[in-house]
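The values are calculated or read from the model by the stated rules, or taken from the named source; none is laboratory data. What you are looking at is a predicted structure, and each value in this text was computed from that prediction instead of being measured. Every residue, glycine as well, gets a Cβ built from its backbone with ideal geometry; the counts of neighbours run over all protein chains shown. Surface accessibility is based on the protein's heavy atoms, side chains included, excluding ligands, DNA and RNA. Shrake-Rupley method; radii C 1.70, N 1.55, O 1.52, S 1.80 Å.
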Amino acid sequence: VSPEQEMDRIGSILDSVTAGCCHLLLLGGGRGCGKTRLLQEMTLGARARGYAVLTGCCYPSEQLTPYHPFLEALSGLQSKVPIAARTEAERGWKGIQQLVGSAARDAYDHAGKAERLRVSSAVSDTLLQVSHAAPVALFLDDLQWADADSLWLIKHLARATRDSRVLLAGAFCDVHPAEEHPAFGEMLQLLSHER
């Protein structure tokens, strides 16, 4: 695929999301094949179209930190949304911070699962609220190092943001991710099955 074709495809996806059709894109490939560059091009295109652009990255050292890439992406939410949505964004961010703190204290028992659901609902509700004022693009890089809670949240968002102005995009190095990170493989399989 030529760079021009890539940019046309990106533009088409961004225009579709602006019109109210959520998209989930997962870019896989070997190291150095251009996944991160493509995410960066999408970021530029989204900003040019007035999106609230949120970016986060997964790191091997943060694999045990619940929701790390989402906390990174959402930390600047208020400054990235139109003025009309800032109060809602600030309220949503504060609620998410409180819930994540509670989830981190709970082991993965039944209370922990309930907290995971509350965090996921708070994140999706906040993104949906913001998307009424401006389309939202959430870009996450290096998903092969995502923590289990973040993977669960990606699955939740893919379902919860259907028919909305939300673009979810992530990149991952696909050198045997399912074997190295079974939860990541399960997420890919589920999202592929659900289309």
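Quick notes on this one:
- Scattering profile of the stretch 8-94 at q = 0.13 Å⁻¹ [log10 I(q)/I(0), Debye over alpha-carbon scatterers]: -0.54
- Cβ-derived FRET efficiency at R0 25 Å, residue 8 paired with residue 87, nearest 0.05: 0.10
- Formal net charge of residues neighbouring residue 35 (Cβ-Cβ distance under 12 Å; K, R +1; D, E -1): -3
- By a 1.4 Å probe calculation restricted to protein chains, residue 93 has an accessible surface near 30 Å², given to the nearest 10.
- Here the chain exposes an accessible surface that is 52 percent carbon and sulfur, computed with a 1.4 Å probe and the other protein chains kept in place.
- Once the Cβ-Cβ distance of residue 33 and residue 75 is raised to the sixth power relative to R0 = 41 Å, the FRET efficiency obtained is 0.90.
- Amide H to amide H distances under 5 Å link residue 136 with 52, 166, 167, where only residues 5 or more positions off or on other chains count and H is placed in the peptide plane.
- Straight-line reach from residue 113: taking Cα to Cα under 14 Å and skipping same-chain neighbours fewer than 8 places apart, the aspartates and glutamates in range are 149.
- Straight-line reach from residue 35: taking Cα to Cα under 21 Å and skipping same-chain neighbours fewer than 8 places apart, the lysines in range are 155.
- The chain - percent relative contact order, Cα under 8 Å, separation 6 or more: 33 percent
- 87, 161, ranked by accessible area, largest first (probe 1.4 Å): 87, 161
- Stretching residue 113 away from residue 186 to a fully extended chain increases their span by 24.5 nm, per 0.36 nm per residue minus the current alpha-carbon distance.
- Reachable lysines from residue 80, criterion Cα separation under 22 angstrom, eight or more residues apart if same chain: 94
- Here the chain is treated with +1 on each Lys and Arg Cβ and -1 on each Asp and Glu Cβ, and its dipole about the Cα centre works out to around 580 debye.
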